[in-house]
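Colleague: Take this structure, written in structure tokens, and hold onto it; I'll ask about it next.
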């Protein structure tokens, strides 16, 4: 039974230089390839050297997997970005709409649910490569690594998400000291323009823990809510006091009326005697 489960085959889609390639691999190997970009790239390069995979590659590639097609696909995804961020919007409907727009432009992609699912999986592959690169850049001591294909397009779509740029991000470096600053300045390592561009792009993500403008808005909102609650309490107490005063006045009038009736009865009884 263990041998059968280990040999279970699954179909996976790997993104290689902007192209989506489909492979059938054992389940254990699929988990490694989907979570390790370097292993996935080595596997694809190895498989593409085989004649049988070369033939299957020709049938798998279409206009949508070209650079131009992927750029159009991402531009359509960006147009619907606001709706994708709306939790009330059904995402499958949006993917089907993108598939229909691609189909109308002559790209080889089916309409309806099947086309929507292909679009969703294509974006998931691109997003996984993008997120792996972003997470790697945030790690201390990470080596030089070129950004994945279509990084700029994906940055425009995913750059504002909390999982990419969380509102609170604790610096992974050690606490800064004067000694460390002087030592780093004396051992500066020259970087090329590409490294500087990537470092500048993510410099805002590695910051010390401090409140963001959103926290000030939250504090202001809580303050306003507290004032409204106190105002409601004062109004309630005023209404309660008014009700108590009214009740006391009614009770006083009732006692006075009762006392008058009692005096009349006594007077009538004494006169009858």
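Bear in mind that the values in this text are calculations on the coordinates, not laboratory data. This one's a predicted model, so the numbers in the text were calculated from it and none came from an experiment. Cβ coordinates were reconstructed from backbone atoms using ideal geometry, including for glycine residues, and neighbour counts include every protein chain displayed.
Colleague: Can you give the direction-averaged projected area of the convex hull of the alpha-carbon atoms in segment 213-273, in nm²?
Modeller: Details: hull surface 14.6 nm².
Averaged projected hull area, Cα only: 3.6 nm².
Colleague: Okay, next question. What distance in nm separates the two pseudo spin-label positions at residue 240 and residue 103, each 7 Å out from Cα along the beta-carbon direction?
Modeller: 6.5 nm
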